[in-house]
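Student: Can you keep this structure in mind? I'll have questions shortly.
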Amino acid sequence: LKTVILTDSSKVALDAAIPGPSVTTLRSKLIAFAARTEVSGVIIDVAGDARVTALKQQAATNPACPFAKNLVAEEIKSIVDTYRSNPLRYVVIAGNDDAIPFFRSPDQSAIGPESGYVPPVQSNSPSEASLRRNFVLSQDKYGSRTSLSLPWNEFPVPELAVGRLIETASEIAGLIDAYVAAGSVVSPHS
């Protein structure tokens, strides 16, 4: 086992038909992806975890509280950590912040704080709350076992590569198809 693949079927349409030459679902694509030799993965659907579900409900009830999203992320990370006895190398996240949340960390920079950005995010959303309260979003902590603690902040020390496939089921499936078509080696062109 080299890869943990995180998703939430209550937020990502794993069983919806994906348009294309052959009718398939994201679930079947994820299963085939996990079975690849270089991936050697396990799919963890957090939708069935009672604690994650309760914490997600709490975060949904309190969208202005970045800490509520961190509680969800910490609980999901604890699930990833149960697989650490394996020689893990990768964490793949299938879904957006609503499915598998980013960790929120205080932005301690004095230049260009997060609250100075005004991107088109929904009002009263967790994304807006993070920006307005000067939090930076990161997924590095899913791949770390230790953190460097300083008086003003804590920094995760990533040991595993962490990547995210987003946004919709068909877009995630398209990224998996591109990976397979490239022969498992993706070379950036720009």
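The numbers here are math on the coordinates, done by the rules we state, and not lab data. For clarity, every value in this text was computed on a predicted model and none was experimentally measured. Positions of Cβ are backbone-derived with ideal geometry, glycine not excepted, and every protein chain shown enters the neighbour counts.
Student: How high is the relative contact order of segment 105-155, in percent, with contacts defined as C-alpha pairs under 8 Å that are six or more residues apart?
Tutor: 40
Student: Please sort 150-162, 89-101, 134-146 by packing, taking for each peptide the average over its residues of neighbouring beta carbons within 10 angstrom, highest first.
Tutor: 89-101, 134-146, 150-162
Student: Compare the Cα positions of Val92, Ala178, Val39 along the charge dipole of the chain (+1 at Cβ of Lys, Arg; -1 at Cβ of Asp, Glu; about the Cα centre) and return the one farthest towards the positive end.
Tutor: Val39
Student: Cα atoms only: what Rg and Dmax, in Å, come out for segment 1-158?
Tutor: Over segment 1-158's Cα set, Rg and Dmax evaluate to 17.0, 55 Å.
Student: Along each of its three principal axes, how wide is the spread of alpha-carbon positions in segment 146-190, in whole angstrom units, largest first?
Tutor: Result, largest extent first: 46, 23, 21 Å.
Student: What do you get for Rg/Rh over segment 67-190 if you use C-alpha atoms and the Kirkwood form of Rh?
Tutor: My calculation of the ratio gives 0.99.
Student: Express in whole angstrom the spacing between the alpha-carbon centres of segment 142-160 and segment 71-91.
Tutor: 14
Student: Restricting to Cα pairs below 8 Å that are 6+ residues apart, what does the relative contact order work out to for segment 94-190? Please round to a whole percent.
Tutor: Computed value for segment 94-190: 27 percent relative contact order.
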